[in-house]
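To keep things clear, I will list the structure first and then write my remarks on it.
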Amino acid sequence: MPVGRNNSGAGRTILLILTGAALGTLVGFGLEKYGIFAPFLRPAVIDFPSHTYFDFFFLSLSFGFRLSLTVATLLGALGGYYLSRKW
């Protein structure tokens, strides 16, 4: 690391938040399979369809994404953020 530069840890924070969200989602799927807290584990879907186009004269871009959030996903992401602040 160059002298005089401070390591902010932003990459580590993002990695821990995403890891926590993934683990929270896995736990949520497991709990939903057995019917525990089933109403809270139904996903809220944010969908930006893939048939969205930006068309220029020389270039055409198409993109989209689908984000499926549950309470377990949000709790996992918050746990990852908490871990990144404490670590």
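The values are calculated or read from the model by the stated rules, or taken from the named source; none is laboratory data. Bear in mind the structure is a predicted one, so any value in this text is a computation, not a measurement. Note that each Cβ is placed from the backbone with ideal geometry, even for glycine, and that neighbours are counted across all protein chains shown. Side chains included, ligands, DNA and RNA excluded: accessible areas come from the protein's heavy atoms. Shrake-Rupley method; radii C 1.70, N 1.55, O 1.52, S 1.80 Å.
Put simply, when 35-43, 48-56 are sorted by average Cβ atoms within 10 angstrom per residue, most first, you get 35-43, 48-56. Applying the criteria of a DSSP loop state and at most 13 other Cβ atoms within 10 Å to the trypsin sites (Lys or Arg not before Pro) of region 3-87 yields ARG5. Computed extension length for ALA44-LEU69: 8.5 nm, one decimal, from 0.36 nm per residue of separation with the Cα-Cα distance subtracted.
On the chain, 69 percent of the accessible area sits on carbon and sulfur atoms, based on a 1.4 Å probe. Karplus-derived 3J(HN,Hα) values for region 13-30, using 6.51 cos²θ - 1.76 cosθ + 1.60 with θ = phi - 60°, are 4, 5, 4, 5, 5, 5, 5, x, 5, 5, 5, x, 5, 4, 5, x, 5, x Hz; glycine and proline are entered as x.
Electrostatic tally near THR25: other residues with Cβ closer than 15 Å to its Cβ, Lys and Arg +1, Asp and Glu -1, net +2.
I need the fraction of alpha carbon pairs in the chain separated by more than 15 Å, rounded to a whole percent. Don't skip to the answer; put the middle values down first.
Values: 2608 of 3741 pairs.
When every Cα pair of the chain is considered, 70 percent fall beyond 15 Å.
Quick check for you: with a 1.4 Å probe and neighbouring chains kept, what is the accessible area per residue of the chain, in Å²? Please list the in-between numbers first.
Details: 7260 Å² over 87 residues.
Roughly 83 Å² per residue, with all protein chains present.
A Gaussian network model of the chain, with springs between Cα atoms under 10 Å, assigns the largest mean-square fluctuation among LEU75, LEU26, LEU67 to LEU67.
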